[in-house]
Amino acid sequence: MENIYRLKKDNSEIKIKVKVGTIGNASTIVSEKGAVGEILKSRPEDNGNINKRKLGLSDELINTTIIADLAILLDGVPKNQLDQAFENLFVRVTLFGGPDGEQSFDIGPGEKLQFNDKKLIVAAKEIKMIP
Amino acid sequence: MMMRHIILHSFLGLLGFNAFGQKTTELADLKVPVSPAFSLLDFAPKTIESPGTIKAFTTSFVATVAKAGGIPKNFAFEFSPYWFFKHPNMDIYKYHGLIVDPVSLNEVSFTEEDNAPVKKIFNLKQNIFYGLRSTNLSFGSVFKDSSKKLPVDVNYIAYAFRTNIINLRNKNAVNKLTESILSVNSALQKVQSEARKKCKDLGGRERIKCIGEEITKSKDSVLKATRKNFMDYLMIRPVFSADIAFASSTAFGNNSISNSKSYRTGGWITLAYNQPLVSAKKVKENISNLIECKNYVNAFFLFRILKENATNDFKIFTKKNMIDLGGRIEFEFDKFSFSIESIKRMDNNKKGMNTSRTVGIIQYKIWKDFFLLGTFGKDFSEINNLVTLFGFNWGFGENALNTPFNK
């Protein structure tokens with residue numbers, strides 16, 4: 001599925017939710033591609049999850065690319081489970097408020113990589129916001 | 001030069017003692033085996049396939065069967081089925097046996113859709129059964145041709161499971177573990193945020209690679225310290241744990257399904273209790289007192305059952321049933337430990353043949369996974385039953401000192 005979310009040309013609120021299923025320490029940052037600032041980030045106690053929150057106004061988000069960046073540390077996970085943790089990582093970004101309503105985008109195999117002897121997973125979900 | 005000879009001869013001498021000792025019952029034989037299917041067949045495979053996904057498992061298994069052109073020979077598989085699948089609701093708390101206390105959440109009001117920071121009381125409880133998720137299945141085969149013990153070719157296939165059913169941890173350790181998860185998450189996010197800024201203009205895999213490399217090379221002292229704390233709390237020895245395993249095997253004469261016979265069946269239960277020699281008050285005051293505690297009194301309980309259809313010709317079979325029941329109490333002072341172990345062995349076929357093993361064990365940890373071991377006492381059987389075992393014992397991995405029945 002293409003990572004595109006259609007928006008209305010009005011000032012309606014667009015919301016986002018990020019659901020992360022992992023056995024590691026996780027952090028999620030949502031930002032606009034190319035921007036220094038962050039729009040949203042997960043709270044430490046939510047371990048990468050972001051509850052349904054306001055992302056921005058529809059007409060301000062048109063023609064931007066929203067990225068949910070994830071970093072996951074797998075300290076304390078046995079070596080023989082590191083690949084399983086990578087394979088089974090579940091990340092679902094859900095957008096609300098566009099003309100097509102609620103739409104979910106799952107992280108695919110090409111959107112995550114392992115680092116630091118497989119103890120670190122970095123993943124990113126990019127979604128183009130089009131009119 | 002002379003000194004080197006003395007050391008070498010002493011070392012070889014000790015190994016000699018150890019090798020002699022191996023003719024008797026090994027301590028390792030009595031604990032819940034790491035891979036029960038392979039232990040049951042007295043077989044140590046050179047390579048064990050550990051597929052991480054259902055796809056990898058199916059591919060490996062089909063390839064093994066196809067290569068054999070029938071009942072496969074000499075293979076070893078080991079895996080945890082639970083981790084074959086994605087678990088969208090899985091998180092680090094559940095994985096480490098922590099569950100959100102619903103009472104504490106009821107005390108808090110927060111708006112799910114509010115963008116403002118929400119203060120959430122974080123009170124967690126233990127899920128002592130969390131080890132069940134990592135239940136491990138193993139199966140393997142050993143092919144022995146007719147030149148070996150039996151006059152026919154026999155392919156032995158074994159299948160087993162092993163699991164940790166209870167793992168109870170110190171309450172203070174659990175609270176600290178929870179706090180450390182939050183601290184690591186905060187520190188990780190700070191480092192991730194810096195990395196993201198450096199890679200902000202990139203997209204796709206280039207971006208992921210850039211962020212991953214930036215986090216990997218980060219020298220952030222807070223992240224480093226919080227990760228260390230998390231591991232320290234995680235490695236605190238459980239107060240109580242229970243492990244079970246069951247394994248069974250079938251022998252196929254001439255590798256034929258029609259000529260099969262149940263071979264060995266075994267079951268193991270191990271209970272372990274670890275009491276640190278530090279007061280609860282001191283632990284409550286400062287958890288470091290528990291982390292740094294090197295002195296323990298450990299108690300272990302063992303139950304093992306083993307059944308076998310013994311044969312010399314694959315025609316006439318004799319049933320052998322054996323039950324081991326016993327325990328061990330161990331005093332551990334940093335690198336040094338001594339313990340007394342007593343096991344009662346009951347032979348169901350020959351009531352008069354019940355026997356027991358009672359030994360004292362002294363162990364000194366020379367360095368990580370390398371121990372000097374001494375055992376003295378009475379082994380099973382009524383004749384030739386003196387145990388005098390002295391030598392080195394070394395292993396690989398994260399073997400805990402002085403917990404032979406531990407997983």
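The values are calculated or read from the model by the stated rules, or taken from the named source; none is laboratory data. Please read these numbers as outputs of a predicted model, since none were measured by experiment. Every residue, glycine as well, gets a Cβ built from its backbone with ideal geometry; the counts of neighbours run over all protein chains shown.
For every residue, the table says whether it meets (1) under 22 Å from B:ILE257 (Cβ atoms); (2) modelled with pLDDT of 90 or more; (3) in contact with a His (Cβ under 7 Å, 6 or more places away or on another chain).
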site	(1), (2), (3)
B:LEU150	yes, no, no
B:LEU168	no, yes, no
B:ASN175	no, no, no
B:ASN185	no, yes, no
B:LEU188	no, yes, no
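For the range A:62-76, which residues satisfy the criterion of being crowded, with 19+ Cβ neighbours inside 10 Å and within 8 Å of another protein chain (Cβ to nearest Cβ)?
A:ILE67, A:ASP69, A:ALA71, A:LEU73, A:GLY76
Might you let me know whether the range B:307-327 holds any residue that is on the phi < 0 side of the Ramachandran plot, loosely packed, with under 14 Cβ neighbours inside 10 Å and polar (S, T, N, Q)?
yes
Just to be sure before I move on: is A:ASP83 touching a Gly at 6+ places or on another chain (Cβ under 8 Å), assigned to a helix (DSSP H, G or I) and facing chain B (nearest Cβ under 7 Å) in the structure I sent?
yes
Quick check on this structure: which one of A:LEU82, A:LEU7 is within 22 Å of B:THR216 (Cα to Cα), crowded, with 18+ Cβ neighbours inside 10 Å and over 12 Å from the mean Cα position of the chain (by Cα)?
Details: A:LEU7 fails: within 22 Å of B:THR216 (Cα to Cα).
Answer to the selection: A:LEU82.
Condition first: part of a loop (DSSP other than H, G, I, E, B) and more than 26 Å from the chain's Cα centre (by Cα). Can you find one or more residues in the range B:179-200 that meet it? Even if it seems obvious, please write down each step before you answer.
First pass over the range B:179-200, keeping only residues part of a loop (DSSP other than H, G, I, E, B): B:199-200.
Filter once more, so that each one left must be more than 26 Å from the chain's Cα centre (by Cα): B:199-200.
Looking for residues that are part of a loop (DSSP other than H, G, I, E, B) and more than 26 Å from the chain's Cα centre (by Cα), one finds at least one in the range B:179-200, hence yes.
Go over the candidates A:ASP59, A:ASP100 one by one and state the one that is among the acidic types (Asp, Glu), within 26 Å of A:LYS8 (Cβ to Cβ) and touching a residue at least 60 places away in the same chain (Cβ under 8 Å).
Working: A:ASP59 fails: touching a residue at least 60 places away in the same chain (Cβ under 8 Å).
Only one candidate passes the filter, namely A:ASP100.
Looking only at residues that are under 9 Å from the mean Cα position of the chain (by Cα) and within 17 Å of B:GLN189 (Cα to Cα) in the range A:16-37, which one is farthest from the other protein chains (Cβ to nearest Cβ)?
So the residue we want is A:VAL18.
Give the range B:356-404 a look and list any residue that's modelled with pLDDT of 75 or more, surrounded by fewer than 16 Cβ atoms within 10 Å (Cβ to Cβ) and polar (S, T, N, Q), or say none.
B:THR358, B:THR388
Go through the range A:86-109 and report how many residues are in contact with a helix residue (DSSP H, G or I) (Cβ under 7 Å, 6 or more places away or on another chain) and either facing chain B (nearest Cβ under 7 Å) or closer than 23 Å to B:ILE92 by Cβ (or both).
Just the residues of the range A:86-109 that are in contact with a helix residue (DSSP H, G or I) (Cβ under 7 Å, 6 or more places away or on another chain), to begin with: A:88, A:97.
Those left that are additionally either facing chain B (nearest Cβ under 7 Å) or closer than 23 Å to B:ILE92 by Cβ (or both): A:88.
Residues meeting the conditions: 1.
Quick grid of which residues meet (1) touching a residue at least 12 places away in the same chain (Cβ under 8 Å); (2) in a strand (DSSP E or B); (3) under 29 Å from B:PRO72 (Cβ atoms); (4) over 26 Å from the mean Cα position of the chain (by Cα):
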| residue | (1), (2), (3), (4) |
| --- | --- |
| B:LYS228 | no, no, no, no |
| B:ILE244 | yes, yes, yes, no |
| B:ALA251 | yes, yes, yes, yes |
| B:ASN255 | yes, no, yes, yes |
| B:ALA272 | yes, yes, no, no |
| B:VAL283 | yes, no, no, yes |
| B:PHE303 | yes, yes, no, no |
| B:LYS307 | yes, yes, yes, no |
| B:LYS319 | yes, yes, yes, yes |
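Considering only residues that are modelled with pLDDT of 90 or more and within 22 Å of B:ILE343 (Cα to Cα), which ones fall in the range B:248-265?
The one that is modelled with pLDDT of 90 or more and within 22 Å of B:ILE343 (Cα to Cα): B:THR265.
Could you tell me whether the range B:195-213 includes any residue that is at the interface with chain A (Cβ under 7 Å from one of its Cβ atoms) and within 30 Å of B:ILE291 (Cβ to Cβ)?
No, the range B:195-213 contains no residue that is at the interface with chain A (Cβ under 7 Å from one of its Cβ atoms) and within 30 Å of B:ILE291 (Cβ to Cβ).
With the requirement that a residue be more than 22 Å from B:ILE244 (Cα to Cα) and crowded, with 20+ Cβ neighbours inside 10 Å, what does the range B:143-169 give you?
Filtering the range B:143-169 down to residues more than 22 Å from B:ILE244 (Cα to Cα) leaves B:143-156.
Those that are more than 22 Å from B:ILE244 (Cα to Cα) and crowded, with 20+ Cβ neighbours inside 10 Å: B:VAL154, B:ASN155, B:TYR156.
Quick check: is even one residue across the range B:172-180 within 11 Å of chain A (Cβ to nearest Cβ) and free of Cβ contacts under 8 Å to residues at least 40 places away in the same chain?
Of the residues in the range B:172-180, the ones within 11 Å of chain A (Cβ to nearest Cβ) are B:177-180.
This time we only want the ones that are free of Cβ contacts under 8 Å to residues at least 40 places away in the same chain, so: B:179.
The answer is yes; a qualifying residue exists.
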